Each structure stands twice: as structure tokens, then as C-alpha cells.
Amino acid sequence: MSSATAVAAAPSRHPRDGRPAPRWAVRTAHLIPLLTLPSGLWRVALVAGVPLGTVGVDEPIRGWLAAYIVSLSLVSEALALLAIGLVRPWGEVFPRWLPLVGGRRVPPPFAVTAATAGAVALILIWGYAAVNVVLGDGTGFTPAGWVLMLACYTPLLLWGPLLLALTVAYHRRRCRD
């Protein structure tokens, strides 16, 4: 057996498993990580000391705050990538490398509940942030910095609603005949 031999997918254990996701859902699932990327890059650039139009921040951020900001960016991107699981086979069968559940069917109620809770949380978090930005005075940013920050963070308003739409498509595909 050569190293190029592909591992065969586990046979479907349920008649509703293996149905293809709608094209719009596949595109949307791949779009979500791209929506979170600008804000993550903005935060990493801030840590690196790149001038982003912030007032009073002109050198790199160091220490625990830097670790927190970079970790926030990485975790956000990883969570956004989980949306792809709603349209891929690993959203139907847990990957074999996972302890205890590897190779077992993902219970649709588990995935739907987790994705719905995540989508609602994102809608609330970014909706609250948007209200605060609209009601805020913009101090701490130059006019160009304000526009750059808005351009990087505004796409996050779409993350929750798009994840909710993907969750509905996943539920229809996995739970309906």
C-alpha cells in the first residue's frame, strides 16, 4: 500500500447521510472564514505595531495582551472554519482521530443546536458591538483609521445570519426526507 492511497470514507449509517449540500450553502460555508479574516488581520497588525490610524498606539503590543489578541484572532478563524463542517462529510461523521466519538455519526440535533447557539451568540455579540460603534464618538482613531476599522469589522455582522442560514440547510438535508 503506497502513501498516496486514499482512505475510503466510512459507509453511511443513515439514509439521510451523504446527501449533497446545496451549492449556495457550500459557497456560504467557504465565505464565512473570509468574513472573519479582515478583523483578525487588523488585530494582528495592531499587535505588530503597524500604524492603523489608532491614536496613542504607535509601537507593538507585548506580553499577555499581545498573546490574548493573537489568540482571539486564531480562535475566531477556527470557529469560522467550523461552518464548513455543515456542508462537508466531517459534519456528518466525526473524524476518526477524535477520541471516543471518532468514526461515529454526528447526531443532527447536536450539530443543529451547537450551530444555532453559535449563530444567535454571534448575532447578539456583533449587533451589540455595532450599536456601540454607531453610538460611540470614534475617539482613538484618525478618520482614515476609523474607516479601516469599520471596513475590517463590518463583515462580522454577516457571520451570525449566514451561519443560521447554513444551519437551516443542514437541518433540512440531515433531518428531512
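The values are calculated or read from the model by the stated rules, or taken from the named source; none is laboratory data. Source: prediction; values computed, not measured. Cβ sites come from the backbone with ideal geometry, for glycine too, and all protein chains shown count toward neighbours. The area values use the complete protein model at the heavy-atom level, side chains included, leaving out ligands, DNA and RNA. Shrake-Rupley method; radii C 1.70, N 1.55, O 1.52, S 1.80 Å.
Mind jotting down a quarter of the surface of the convex hull over the alpha carbons of the chain, in square nanometres, one decimal?
On the way: hull surface 55.0 nm².
Over every viewing direction, the Cα hull of the chain projects on average to 13.7 nm².
Using Cα pairs closer than 8 Å and at least 6 residues apart in sequence, work out the relative contact order for the chain, in percent.
34 percent
In square angstrom, what is the accessible area per residue of the chain with a 1.4 angstrom probe? Could you put the intermediate results ahead of the total?
On the way: 11090 Å² over 177 residues.
Spelled out: the 1.4 Å probe surface of the chain, per residue, equals 63 Å².
Over the chain, with every protein chain in place, what whole percent of the accessible area is carbon and sulfur at 1.4 Å, could you tell me?
Details: 7920 of 11090 Å².
Summing carbon and sulfur atoms, their accessible area is 71 percent of the total for the chain.
Choose one of ILE69, ALA80, VAL112: the residue whose Cα lies farthest towards the positive end of the charge dipole of region 58-144 (beta-carbon charges +1 Lys, Arg; -1 Asp, Glu; about the Cα centre).
In region 58-144, that residue is VAL112.
With springs connecting C-alpha atoms under 10 Å apart, model the chain as a Gaussian network and identify which of ALA111, ALA165, ALA144 has the largest mean-square fluctuation.
ALA144
For an R0 of 25 angstrom, estimate the FRET efficiency from the Cβ-Cβ distance between ALA129 and ARG23 and round to the nearest 0.05.
With a Förster radius of 25 Å, E is 0.20.
Contour minus end-to-end for LEU74 and LEU150, with contour as 0.36 nm per residue of separation and end-to-end as the Cα-Cα distance?
Contour length minus Cα-Cα distance gives 25.4 nm.
In debye, nearest 20: dipole of the chain around its Cα centre with unit charges on the Cβ of K, R (+) and D, E (-)? Walk me through the intermediate numbers first.
Numbers: 15 positive and 7 negative charges, 228 e Å.
The calculation lands at about 1100 debye.
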